[in-house]
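Peer 1: Have a look at the structure that comes next, please.
The values are calculated or read from the model by the stated rules, or taken from the named source; none is laboratory data. Please read these numbers as outputs of a predicted model, since none were measured by experiment. Cβ sites come from the backbone with ideal geometry, for glycine too, and all protein chains shown count toward neighbours.
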Amino acid sequence: MSGPTNNYDVAIIGGGIMGCSVAYYLKTLAPALAVCVIEPDPTYEFCSTLRASGGARRLFSCPENIAMSNYSIEFIQQFPRAMVADGREAPVDWVEGGYLFIVPPAGMAMLEAGYEAQRAQGCEVHLLTPAQLKERFPSMYVEDLAGGVHSPRDGWCDPNGLLQGFRRKAISLGVVFVQDRVTALALRAGPLAQSVSAARLASGADIRAGSFVNAAGAWSGTVAALAGMPLPVSPLRRFEHYFTAGQPVERLPYVKDTARLAFRSEGTGFSGGLVDGAEPRGFNFEVDHDYFERVVWPAVAHRFPPFEAARCHRTWSGLYEQCELDGNPIIGNWKGRLENFHVIAGFSGHGMMHAPAAGRGLAELIVHGAYQSIDLTRLGYARVERNEPYREAGIL
Ligand SMILES: Cc1cc2nc3c(=O)[nH]c(=O)nc-3n(C[C@H](O)[C@H](O)[C@H](O)COP(=O)(O)OP(=O)(O)OC[C@H]3O[C@@H](n4cnc5c(N)ncnc54)[C@H](O)[C@@H]3O)c2cc1C
């Protein structure tokens, strides 16, 4: 590679919520580090973060995911003041609206196991019978349900506020944002393992760094391939809809079921969708304007009959960075093969809520060589190498 060169301790590829979170925590843990974030689009037109629904929940089964949520949700609550930059607060519109997972009889064992795992980590969760569900949420049809778990301290926030707050704070701490796209990675052979020595940018410039972070979200598989690293993360299109009920409905928490219907109150209406896991993978942002009518509305109206007259006002599409191995994120490097190239991707629909904890974790790995707060070892690349899924049973 040739051309103008910039040198950093850490170069982060992708400036969405993951990249900005890692940058912030690196500078917090080690202020002297020279850190850059390479992000081609300061408007973030296609990035997943700006298309997210903003939900943050503790309702997971893997202890790492519950621990990340516990940390991240508290962090999000403190975010506006904690992330003051240049005298400006960082508003994120946190709403403690709660989450509610509901299951048919076949899902009850999974729900109860998750409930116990959440309680073990001190989460406020309530296991509810169908009658109790009906009492709390009178509009809900409960005859085909076996139960639900309600977590009233969970909620949602503005993903754009979270991203911009991290970004502004990172810049105020000295992080450099490079407006460019990584098109190639130069590898250097070492005595034991290879390493990435430089990132070639679309402009022709090279960025040299001691460590690189792949935080390119749905594009992270493509970026990893530039370094010869197989990463089972692919782009999965998902629609989000804003709709109104037509008849009065009580304020609802973020409701999720095993068919992957997920929606919540938003202003005077509702926001949500139904993930189609069989959707062909690809960078497809086309909007299917019949999807709500065909797929979402029947599911919503079945569960909440007042939605019989629901009206969809807006549909948008976005990409999940789907981990095809097990739906859990991949955090860390490829030990023994590519040790200075760290991945933080594959969050499969829960990346916004886990960005604070995951960013802190990866920053600890880079700065200290080991996790200091939450042990995320089981979410590392080793399981990909061994082809050993570590599945999240909580509804994704
Ligand atoms: C409709 C929808 C609803 C969602 N709802 C929720 C929710 O309620 N709660 C939740 O926690 N999560 C939710 N998610 C998931 C969440 O949005 C993602 O997990 C999260 O935003 C991933 O962040 P990221 O920074 O990894 O990726 P992104 O935000 O996509 O950022 C990646 C960045 O990498 C950049 N990039 C790509 N290629 C290159 C390259 N070659 N060089 C340099 N930069 C590059 C891109 O420009 C992009 O800005 C939702 C996602 C969608 C689509």
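Residue by residue, here is whether (1) closer than 21 Å to Pro253 by Cα; (2) buried (at least 17 other Cβ atoms within 10 Å of the Cβ) holds:
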{"site": "Val84", "(1), (2)": "no, no"}
{"site": "Ala90", "(1), (2)": "no, yes"}
{"site": "Gly98", "(1), (2)": "yes, yes"}
{"site": "Leu111", "(1), (2)": "yes, yes"}
{"site": "Gln118", "(1), (2)": "yes, yes"}
{"site": "Cys123", "(1), (2)": "yes, yes"}
{"site": "Gln132", "(1), (2)": "yes, no"}
{"site": "Pro138", "(1), (2)": "yes, no"}
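Peer 1: Further question: Looking at segment 386-396, can you tell me whether even one residue there is touching a helix residue (DSSP H, G or I) at 6+ places or on another chain (Cβ under 9 Å), at pLDDT 95 or above, surrounded by fewer than 18 Cβ atoms within 10 Å (Cβ to Cβ) and among the basic types (Lys, Arg)?
Peer 2: no
Peer 1: Still on this structure, I have one more. On the basis of being assigned to a helix (DSSP H, G or I) and either buried (at least 24 other Cβ atoms within 10 Å of the Cβ) or within 12 Å of the ligand (Cβ to nearest atom) (or both), does Val213 make the cut?
Peer 2: no
Peer 1: If you scan segment 16-64, which residues turn out to be more than 13 Å from the ligand (Cβ to nearest atom) and buried (at least 19 other Cβ atoms within 10 Å of the Cβ)?
Peer 2: Tyr25, Leu26, Lys27, Leu33, Val35, Ser61, Cys62, Glu64 - these are the residues of segment 16-64 that are more than 13 Å from the ligand (Cβ to nearest atom) and buried (at least 19 other Cβ atoms within 10 Å of the Cβ).
Peer 1: Among (1) more than 9 Å from the ligand (Cβ to nearest atom); (2) within 30 Å of Glu385 (Cα to Cα); (3) among the aromatic types (Phe, Trp, Tyr), where does Phe270 come up short?
Peer 2: Phe270 satisfies all of (1) more than 9 Å from the ligand (Cβ to nearest atom); (2) within 30 Å of Glu385 (Cα to Cα); (3) among the aromatic types (Phe, Trp, Tyr) except (2).
Peer 1: On to the next question. Looking for something closer than 30 Å to Ala90 by Cα and either under 23 Å from the mean Cα position of the chain (by Cα) or in contact (Cβ under 8 Å) with a residue 40 or more places away in the chain (or both) - is there at least one such residue anywhere in segment 129-147?
Peer 2: No, segment 129-147 contains no residue that is closer than 30 Å to Ala90 by Cα and either under 23 Å from the mean Cα position of the chain (by Cα) or in contact (Cβ under 8 Å) with a residue 40 or more places away in the chain (or both).
Peer 1: Please state which of the following conditions Ala224 fails to meet, knowing it meets all the rest: (1) within 30 Å of Trp94 (Cα to Cα); (2) in contact with a strand residue (DSSP E or B) (Cβ under 8 Å, 6 or more places away or on another chain); (3) at pLDDT 95 or above; (4) within 13 Å of the ligand (Cβ to nearest atom).
Peer 2: If we test Ala224 against (1) within 30 Å of Trp94 (Cα to Cα); (2) in contact with a strand residue (DSSP E or B) (Cβ under 8 Å, 6 or more places away or on another chain); (3) at pLDDT 95 or above; (4) within 13 Å of the ligand (Cβ to nearest atom), just (1) comes out false.
Peer 1: Mind checking which strands (runs of 3 or more DSSP E) fall wholly inside segment 159-203 and carry at least 3 residues that are in contact with a Gly (Cβ under 9 Å, 6 or more places away or on another chain), at pLDDT 95 or above and not small (Gly, Ala, Ser)?
Peer 2: Values: elements: 176-178, 182-189, 194-201.
Hits in segment 159-203: 182-189.
Peer 1: Tell me which residues, restricted to segment 52-73, are part of a helix (DSSP H, G or I) and either farther than 14 Å from Gly98 by Cα or touching a Gly at 6+ places or on another chain (Cβ under 9 Å) (or both). If you could, list the steps in order and put the result at the bottom.
Peer 2: Within segment 52-73, the subset part of a helix (DSSP H, G or I) is 63-73.
Matches in segment 52-73: Pro63, Glu64, Asn65, Ile66, Ala67, Met68, Asn70, Tyr71, Ser72, Ile73.
Peer 1: Go through (1) more than 8 Å from the ligand (Cβ to nearest atom); (2) modelled with pLDDT of 95 or more; (3) β-branched (Val, Ile, Thr) for Thr5 and report which single condition fails.
Peer 2: (2)
Peer 1: Right, next: Do we have any residue at all in segment 74-85 that's at pLDDT 95 or above, part of a helix (DSSP H, G or I), in contact with a strand residue (DSSP E or B) (Cβ under 8 Å, 6 or more places away or on another chain) and more than 11 Å from the ligand (Cβ to nearest atom)?
Peer 2: no
Peer 1: Return the residues of segment 220-256 that are under 21 Å from Ala393 (Cβ atoms) and crowded, with 21+ Cβ neighbours inside 10 Å; say none if nothing qualifies.
Peer 2: Val233, Leu236, Arg238, Pro253, Tyr254, Val255, Lys256
Residue-by-condition table, conditions (1) surrounded by fewer than 18 Cβ atoms within 10 Å (Cβ to Cβ); (2) at pLDDT below 95; (3) within 14 Å of the ligand (Cβ to nearest atom):
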residue: His302; (1), (2), (3): yes, no, no
residue: Asn328; (1), (2), (3): no, no, yes
residue: Gly336; (1), (2), (3): yes, yes, no
residue: Val343; (1), (2), (3): no, no, yes
residue: Met352; (1), (2), (3): no, no, yes
residue: Val384; (1), (2), (3): no, no, no
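Peer 1: Check segment 144-166 and report whether any residue there is of a type in the set (Phe, Trp, Tyr) and within 26 Å of Tyr24 (Cβ to Cβ).
Peer 2: yes
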